[in-house]
1. Given R₀ = 25 Å, what would the calculated FRET efficiency be for ILE9 paired with LEU62, taking r from the Cβ atoms and rounding to 0.05?
2. So how tilted is helix 2-28 from the main axis of the chain? Cα-based, degrees 0 to 90, rounded to 10.
3. What size of dipole, in debye to the nearest 20, comes out for the chain about its Cα centre when the only charges are +1 on Lys and Arg C-beta atoms and -1 on Asp and Glu C-beta atoms?
4. Would you mind checking the tilt of helix 52-73 against the longest principal axis of the Cα atoms of the chain, expressed as 0 to 90 degrees and rounded to 10?
5. What is the extension gain from SER55 to ALA25, computed as 0.36 nm multiplied by their sequence separation minus the C-alpha to C-alpha distance, in nm to one decimal?
6. How much length is gained on full extension from LEU32 to ILE17, taking 0.36 nm per residue of separation minus their Cα-Cα distance?
7. What 222 nm value per residue comes from the helices of the chain, counting each DSSP H run with n ≥ 4 as -39,500 (n - 2.57) and dividing by all residues, nearest 500 deg cm²/dmol?
8. Find how much the distance from ILE73 to LYS45 grows on full extension, using 0.36 nm per residue of separation minus their present alpha carbon separation; answer in nm with one decimal.
Amino acid sequence: MDSIGRYIILFGVVLIIIGGLVLLAGRLNLPLGRLPGDFHFGNDKANVYMPCATSILLSILLTVLLNVIVRFINK
């Protein structure tokens with residue numbers, strides 16, 4: 001039970017850090033969602049937004065972050 005509790009606490013801390021970074025990114029006016037590979041099509045009736053470049057960038061960053069976290073947990 002101790003290990004499950006530790007994982008839940010670690011997951012909560014990671015969520016708090018990610019939430020803080022999202023809040024900070026909103027205040028810093030980072031160009032997430034407005035990168036050159038993000039597509040926006042629309043007319044008067046409908047809008048379509050495909051954040052391809054932002055999705056790829058966030059995927060790479062989260063992959064690196066989670067790999068670092070897993071390496072520290074497995075030591």
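Bear in mind that the values in this text are calculations on the coordinates, not laboratory data. Just so you know, these numbers come straight off a predicted model, no measurement behind them. Here Cβ is always computed from backbone atoms with ideal geometry, including for glycine, and neighbour counts include all displayed protein chains.
1. 0.80
2. Between helix and principal axis, roughly 30 degrees.
3. Once rounded to the nearest 20, the dipole reads 180 debye.
4. The angle comes out near 0 degrees.
5. 9.3 nm
6. Extra length from LEU32 to ILE17 when fully extended: 3.6 nm.
7. Value at 222 nm, helices only: -23000 deg cm²/dmol.
8. Answer, rounded to one decimal: 5.1 nm.
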